[in-house]
């Protein structure tokens, strides 16, 4: 899915406030975590945008499905352990105090059944008293209101050596948000054009709450200044 865009991902998302989000995340963790450690797993970490800010306070590892994204993350963040795996069913064999899945990545699981399996997997990797924090995508009604089918998005990024443009026309198909991402990448060697198709679930609040509860987590939804949809916070009960 990100096989071709991994190398230009950071250029496209140059506007994202990773530092501010990491500060908000840390404040939330400090308020709610009851386990004594500081081990954190960033699931669907991508190129590791949050990692330089989180690793100042946590012993951090990353996991992503895309080998191309992980290659960029490893180059950017030497010394951090990264794992290749699917958020639905990975097994790292050890536990963390906090597991996060940010930037709407959870929507890529696409079905309620896979959402439930994913939360069970995340929960299995959290110590008693630890936290699972998930950033949702929009639900279907909100998506239709804010990102109506047919709306056009455009992003520009890059530096002196590489210019990147991305355009998207949003659609809804079979209850999924479908984004055909059209890329233009310009370098001294010429201009390359390619398309990536992204299909994202539009889960409801009930879907998320039920998945957390089925995974044995006590869940609340918390507002976040930087994130319109807020975050879901699941607490692993103390043993």
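Nothing in this text is a laboratory measurement; each read-out follows from the coordinates by a stated rule. The model shown is predicted, which means the values in this text are computed figures rather than measured ones. All Cβ positions, glycine included, derive from the backbone under ideal geometry; neighbour counts span all protein chains shown.
Would you mind stating whether residue 63 is without any contact (Cβ under 8 Å) to a residue 60 or more places away in the chain and not in a helix (DSSP H, G or I)?
Values: without any contact (Cβ under 8 Å) to a residue 60 or more places away in the chain: yes; not in a helix (DSSP H, G or I): yes.
Yes: the conditions hold for residue 63.
For residues that are out of contact with any helix residue (DSSP H, G or I) (no Cβ under 7 Å at 6 or more places or on another chain) and in contact (Cβ under 8 Å) with a residue 24 or more places away in the chain, scanning just region 72-90, find the one that is nearest to residue 207 (Cα to Cα). For region 72-90, the residue satisfying everything is 73.
Do the conditions hold for residue 4, that is, is it assigned to a loop (DSSP other than H, G, I, E, B), more than 19 Å from residue 86 (Cβ to Cβ), in contact (Cβ under 8 Å) with a residue 12 or more places away in the chain and within 17 Å of the chain's Cα centre (by Cα)? Step through it out loud before you land on a result.
Details: assigned to a loop (DSSP other than H, G, I, E, B): yes; more than 19 Å from residue 86 (Cβ to Cβ): yes; in contact (Cβ under 8 Å) with a residue 12 or more places away in the chain: yes; within 17 Å of the chain's Cα centre (by Cα): no.
Judged against the criteria, residue 4 is not a match.
In region 119-153, the qualifying residues are those that are closer than 11 Å to residue 211 by Cβ and in contact with a strand residue (DSSP E or B) (Cβ under 8 Å, 6 or more places away or on another chain), and the one that is surrounded by the fewest Cβ atoms within 10 Å (Cβ to Cβ) is 123. Pairs linking a residue in region 154-168 that is more than 11 Å from residue 13 (Cα to Cα) to a residue that is in a loop (DSSP other than H, G, I, E, B), with Cβ atoms under 8 Å and 6 or more positions apart or on different chains, are 161/188.
For (1) under 19 Å from residue 32 (Cβ atoms); (2) in contact with a strand residue (DSSP E or B) (Cβ under 6 Å, 6 or more places away or on another chain); (3) in contact (Cβ under 8 Å) with a residue 40 or more places away in the chain; (4) in a helix (DSSP H, G or I), each residue gets a yes or a no:
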position	(1), (2), (3), (4)
199	no, yes, yes, no
208	yes, yes, yes, yes
216	yes, no, yes, no
219	yes, yes, no, no
223	yes, yes, no, no
228	no, no, no, no
234	yes, yes, yes, no
239	yes, yes, yes, no
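Residue 133 - would you say it is within 26 Å of residue 235 (Cβ to Cβ), in a helix (DSSP H, G or I) and in contact (Cβ under 8 Å) with a residue 12 or more places away in the chain? In short, no.
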